[in-house]
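To start, the structure under review is shown below, and the notes come after it.
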Amino acid sequence: MKKFIYDCYIAILNFVVPLIPVQNLRKLIYKIGKMKIGKNTTILRPVYLYAPSRIQIGDYCAINDHVVLDGRGKLIINDNVNISPYVKIYTAEHDVNSMDFHYTAGITTINKFAWVSTGSILLPGISVGEGAVIAAGAVVTKDINPYDIVGGVPAKVIGHRNKNLNYRPNFTKRWN
């Protein structure tokens, strides 16, 4: 019965809450579900959540629309992070070489001032360094060093970013 109630809660979070056009009300509902959301963080809609109680988002972050946030392992997004539309961040997967389809989970961390661009996919257990940029459409399979710019499938270093960063992403919109 407990699993059924939890599954209903997740269904409501992913299919009903995104219909609410008031961001602060949606964030309140996420917080009631034990998701940690820092001050002045914007979460547009829709955002799809797995295990929201294991998702932690810092201050001054921007989570854009059509993003998947997976907390089944644990997801930590530190301050001043920009997550662009259609990004998928995972913390759990199945071992492709396992005879029994073994389930594994890890901690995925995105450090301050990182920018995860449109359509990127981050696989479980990776760490994105401070100020790193993940180019649009990249698939991140391993840790990204601070201030590296990565792109491609799998993501590889394609440049380096300025280390003097001091911004606060904010995508507050009246009805989103």
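What to note about this one:
- When the test is whether a residue is within 28 Å of Tyr167 (Cβ to Cβ) and either assigned to a strand (DSSP E or B) or not small (Gly, Ala, Ser) (or both), Arg72 does not pass it.
- Residue ID - farthest from the chain's Cα centre (by Cα), chosen from residues in the stretch 112-132 that are more than 15 Å from Ile76 (Cα to Cα) and among the β-branched types (Val, Ile, Thr): Thr118
- Subset of the stretch 1-32 [β-branched (Val, Ile, Thr) and over 20 Å from Thr172 (Cα atoms)]: Ile5, Ile10, Ile12, Val16, Ile32
- Matching option when the condition is assigned to a loop (DSSP other than H, G, I, E, B) and either crowded, with 21+ Cβ neighbours inside 10 Å or without any contact (Cβ under 8 Å) to a residue 12 or more places away in the chain (or both), among Asn97, Asn40, Asn24: Asn97
Matching residues to (1) closer than 24 Å to Ile43 by Cα; (2) surrounded by 14 or more Cβ atoms within 10 Å (Cβ to Cβ); (3) of a type in the set (A, V, I, L, M, F, W, C):
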site	(1), (2), (3)
Ile158	no, no, yes
Asn162	no, no, no
Leu165	yes, yes, yes
Thr172	yes, no, no
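- Filter result for Gly58 (surrounded by 18 or more Cβ atoms within 10 Å (Cβ to Cβ), out of contact with any helix residue (DSSP H, G or I) (no Cβ under 7 Å at 6 or more places or on another chain) and either aliphatic (A, V, I, L, M) or at pLDDT 95 or above (or both)): yes
- Ala105 being touching a residue at least 12 places away in the same chain (Cβ under 8 Å) and in contact with a Pro (Cβ under 7 Å, 6 or more places away or on another chain): yes
- Filter result for Gly71 (under 16 Å from the mean Cα position of the chain (by Cα) and of a type in the set (Gly, Ala, Ser)): yes
- Just one residue in the set Thr141, Thr172 is touching a helix residue (DSSP H, G or I) at 6+ places or on another chain (Cβ under 9 Å) and either more than 21 Å from Asn80 (Cα to Cα) or modelled with pLDDT under 95 (or both); that residue is Thr172.
- Residues satisfying the stated conditions in the stretch 66-120, i.e. under 15 Å from Tyr48 (Cα atoms) and acidic (Asp, Glu): Asp70
- Only residues that are farther than 18 Å from Asn64 by Cβ and assigned to a loop (DSSP other than H, G, I, E, B) were counted in the stretch 100-118, giving 5.
- Within the stretch 121-135, the presence of at least one residue that is part of a loop (DSSP other than H, G, I, E, B), charged (D, E, K, R) and crowded, with 17+ Cβ neighbours inside 10 Å is confirmed.
- Against the conditions (1) farther than 20 Å from Pro46 by Cβ; (2) surrounded by fewer than 17 Cβ atoms within 10 Å (Cβ to Cβ); (3) touching a residue at least 12 places away in the same chain (Cβ under 8 Å), Pro85 satisfies every one except (1).
- Residues that are among the polar types (S, T, N, Q) and touching a strand residue (DSSP E or B) at 6+ places or on another chain (Cβ under 8 Å) within the stretch 124-141 comprise just one, Ser127.
The values are calculated or read from the model by the stated rules, or taken from the named source; none is laboratory data. Fair warning: this is a prediction, and the values are worked out from it, not measured in the lab. Here the Cβ is made from the backbone with ideal geometry for all residues, glycine too, and neighbour counts use every protein chain on show.
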